[in-house]
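Notes follow once the structure below has been shown.
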Amino acid sequence: MLLAAALPALGRARRPGMDLALRLASPAVRTLSTTTPRLSIVDSGLKTRKVQLRERPVSATYFTGNVGYNDLLVGVNALVHRHIHALNHPVLSDTDATTRLMFELDKLKQQGLSVKDAPKEIYKQFTEPFLDRKELGIRYDLKLREGQYHNLLMRLHWLLSLDPKPAEVRTYLRPFMARSMDKTVAAIPEAELDDEGRTYALGRRKEAQARVWLVEGEGHIIINGRSLADYFVGAVPREAVIHPFEKTRSLGQYNVWCKVRGSGTTGQSEAIALAIARALARHTPEFKETLAADNGLKRDPRMVERKKTGQPKARKKYTWVKR
């Protein structure tokens, strides 16, 4: 109490040196006064050590036992995941060689067997399209065990079963393929696009003539200024128009503008389908092989048969009367 009452009086008196003594008595000042000045560290001759950071590994598989092999697996798996929707799509027939091989390998897996336990014919089909283990190791400078080789080939077969094969898949598979199988992943020509990224094609059927402009988009199909559902009422002509997209599994990925004239519903729908198929083959060249499989890029030459003289129609005859 006495000290508290005396402090204001001391402040009013303002004795020389009293303010300095009070400031030095504070904890903050005591702490600063006991620390070594920064300049004293430099003066003492101490040197700061530079910390050298390690270089970041180029590959994510740097710390694995087999960097080259794991890098290949990472690349193949990334490509498989990008096209997994196509691998899950049942587009290949049971008579396809790749499909039969995958079915046989699935049977072995269900029985708890590996690829090396497969019959000789199946094992030959499994390894024949690609380089053998020794050649693959030399090309990529790595050592492959038999199980690793089979594991890699299984993923490559998944990519090889794609039909059609995208350009990036063909480019990736080419170094792995044996010389006898180079044609299956041959280089694809560049797309034929105009300045606006469109592809133009012409299609004919009977007396109908269709002109089509195709560009990547959301799947809109406009025919003579009207939507597909508005222009064709029936389901059959609609299915004929979108058949090229279904065949290449690209439905909903392109916009189509079409001008068609002549003939009837069937002729116009098939003329549009032919024009779309040709435009797709030019816009995305890897689709060409798939579209051309069933003469999908050729015009159907069939026309209406002419009426014959003495007959009511082309084939119909009048009823014969004896008298």
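Values in this text are rule-based calculations from the coordinates and carry no lab data. What you see is a predicted model, and the numbers here were worked out from it, not measured in a lab. Here the Cβ positions follow ideal geometry from the backbone for every residue, glycine too, while neighbour counts run over all protein chains shown.
Centroid-to-centroid, using Cα positions, region 278-323 and region 216-244 are 22 Å apart. The packing ranking, built from the mean of other Cβ atoms within 10 Å per residue, places the peptides 264-277, 194-207 in the order 264-277, 194-207, highest first.
The alpha-carbon of Lys247 sits under 17 angstrom from the alpha-carbons of these lysines, leaving out residues fewer than 8 places away in its chain: Lys165, Lys288, Lys298. Answer rounded, prolate or oblate for region 199-291, using the Cα gyration tensor with square roots of eigenvalues a ≥ b ≥ c: rounded when a/c is under 1.5, else prolate when a/b is larger than b/c, else oblate. In terms of gyration-tensor shape, prolate.
Relative contact order of region 199-291: what whole-number percent is it, with Cα pairs under 8 angstrom and at least 6 residues apart? The value is 44 percent.
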